[in-house]
1. Looking at this structure, is V330 at pLDDT 90 or above, touching a Lys or Arg at 6+ places or on another chain (Cβ under 9 Å), closer than 24 Å to L46 by Cβ and assigned to a loop (DSSP other than H, G, I, E, B)?
2. What's the number of the condition P173 fails, among (1) assigned to a helix (DSSP H, G or I); (2) open to solvent by 20 Å² or more (accessible area, probe 1.4 Å)?
3. Check whether at least one residue in region 203-211 is aromatic (F, W, Y), at pLDDT 95 or above and open to solvent by 20 Å² or more (accessible area, probe 1.4 Å), and report yes or no.
4. Can T196 be described as of a type in the set (S, T, N, Q) and touching a helix residue (DSSP H, G or I) at 6+ places or on another chain (Cβ under 9 Å)?
5. I'd like to check something: does region 359-369 contain any residue that is among the acidic types (D, E) and not in a loop (DSSP other than H, G, I, E, B)?
6. Identify, please: which residue in region 44-59 is in contact with a helix residue (DSSP H, G or I) (Cβ under 8 Å, 6 or more places away or on another chain) and among the acidic types (D, E) and is, among those, nearest to T253 (Cα to Cα)?
7. Answer yes or no: is there a residue in region 304-313 that is surrounded by fewer than 19 Cβ atoms within 10 Å (Cβ to Cβ) and modelled with pLDDT of 85 or more.
8. Could you tell me how many of the residues in region 322-344 are of a type in the set (S, T, N, Q) and out of contact with any strand residue (DSSP E or B) (no Cβ under 6 Å at 6 or more places or on another chain)?
Amino acid sequence: MTNERTLFMKRFACMLVSIICVCMLCLPAFAAWPEECSIQAESGILMDADSSAILYEKNIHTAYYPASITKILTALVVLENSPDLSEMVTFSSNAVYHVEEGSSNAGLSPGDRLSIQDCLYALLLKSANEAANALAEHISGSIPRFVDMMNAKAEQLGCVDSHFANPSGLNDPEHYTSAYDMALIAKAAFSNPTLTEIASTTYYDLPPLKQYPEGQTVYIGHKMLKKNFSSYYPYAVAGKTGYTSLAGNTLVTYAEKDGMRLVAVILKGNNPYHYSDTKTLFDYGFQNFKTLNITEYETAYTSLEKDLSIAGVTTAKPLLTLNSDSYITVPKTVAFDEVSSSLSYQLTLPYPSTAVAELNYSYENRFIGRAYLEIDASMLDSEQSSVAVQPETLAADQLPTLEAEETQKEKDKNNIERENYGEEEESSLGSPIPDAAMQRTVSRQQRLLPLLRLALLLIGVLLIGACVYFFHKSRQQKQLREKEMRERKRKERLFEAGYTTKEFQRLLEKKRKEKEEQSHK
């Protein structure tokens, strides 16, 4: 009897193992995030310049001394505040001598005059500290005021780990940044065509100066842009080097290949490994990832563009559109329909002035890009806008429509989730993101392999009830929180536009009646 029982248990165990193996073999292989590379520097980041997706990270929110890569931010602030690059800059004694002895310079003297354009070439190619000071004084009247402009620009770009104390990058306890912040700055800087052109030039001829009566030629210090150096990288477009004894070797590089734009930042590196680290990051990015334009693939929000209504009154043309310059970055083996998205009314800096909401995309709980839903500016002055509504007020009016779209999508997904697992994952942004790839997988399993359904039922019968219950409770609490948040945001936007909720509802009611009267005529 004992032998028969043992034999039965063995056969049952073999059958169970066989069922599990069949399940595993029938499950399609998921495209995993590529195995990360490694660098020697203390901190580094690889960011897609179009999507802001982080493809590699190491201590990206730790503060370090940046050294002369600071001058990228300096150049960006100068270009955004000086439309005429032919303006002449006079070098003061303070600009020339307010630098550390032995630090990089272009041999300029008090009283020398260069155009803003000449100064920018000296700044980014020669890394001239006196050029940084002179530009700061010319743009804002003093170096401290220019530093305030630098910090304001960094904050506008979304930097959270940085503070700048001078325009040159010389050592200062209050002058620091992180790899993440520097990538945001570089992303904005290399979206400026003039700055990119200057930072990609290998040499430039400066006009005559006191110490150089026949002029002088300045050469770029970034060796990945020099063809006659072993560190040359064919896809590198522009960049900036930096070095101080405290900062070590710092490096910012912008590269392009097959339409993909990447930014790499190295902090606290060592020569020459900061170049090999950068090459490692670029090779990893270009070999394993691709960038997709969201507007070419996103279909879930198309109805907002085709048939948007305000309090029941359908508009003749779209009021909300997806920003056309919106991208995601995914592994090369991943398709767009395999990623997840979530709608948020909490906008991320920097965002367009007409933005109402944002779509955040993720893959394997990693942020991979976002798109903004924007008000069509041409509609604000159209004949259909019988009530003068500011963009923020109109944005608030769209929220119920957007919420209805999102709620219906979530209901459809919830039905599938309850039918299968009743589970949900949390995205890296903190928003619930249903696993669409798993839903499609289960659907295929149900159609092709009834045995797989039976096996899953046998294995998971004890878990489904509890999962459904906790999922349902979690969903109710989440929907309640989101409803309260949306209502609060809506009231805040109406308040900023000078309306109370009741006043705005009266305006909508007036608009509806006018529409009905016109239709009767």
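The values are calculated or read from the model by the stated rules, or taken from the named source; none is laboratory data. Source: prediction; values computed, not measured. Quick reminder, even Gly has a Cβ in these numbers, built from the backbone with ideal geometry, and neighbours come from all protein chains shown. Protein only, heavy atoms only, side chains kept; ligands, DNA and RNA dropped before computing areas. Shrake-Rupley method; radii C 1.70, N 1.55, O 1.52, S 1.80 Å.
1. Details: at pLDDT 90 or above: yes; touching a Lys or Arg at 6+ places or on another chain (Cβ under 9 Å): yes; closer than 24 Å to L46 by Cβ: yes; assigned to a loop (DSSP other than H, G, I, E, B): no.
When the stated conditions are applied, V330 does not pass them.
2. Every condition holds for P173 apart from (1).
3. yes
4. yes
5. First, pick out the residues of region 359-369 that are among the acidic types (D, E): 364.
Filter again for not in a loop (DSSP other than H, G, I, E, B), leaving none.
There is no residue in region 359-369 that is among the acidic types (D, E) and not in a loop (DSSP other than H, G, I, E, B).
6. Kept after step one, since they are in contact with a helix residue (DSSP H, G or I) (Cβ under 8 Å, 6 or more places away or on another chain), are these residues of region 44-59: 44-49, 52, 54-59.
Filter again for among the acidic types (D, E), leaving 48, 57.
Details: D48: 12, E57: 15 Å.
Going through the qualifying residues, I end up with D48.
7. no
8. Within region 322-344, the subset of a type in the set (S, T, N, Q) is 323-324, 326, 329, 333, 340-342, 344.
Then keep just the ones that are out of contact with any strand residue (DSSP E or B) (no Cβ under 6 Å at 6 or more places or on another chain); that gives 324, 333.
Summing the residues that are of a type in the set (S, T, N, Q) and out of contact with any strand residue (DSSP E or B) (no Cβ under 6 Å at 6 or more places or on another chain) in region 322-344 gives 2.
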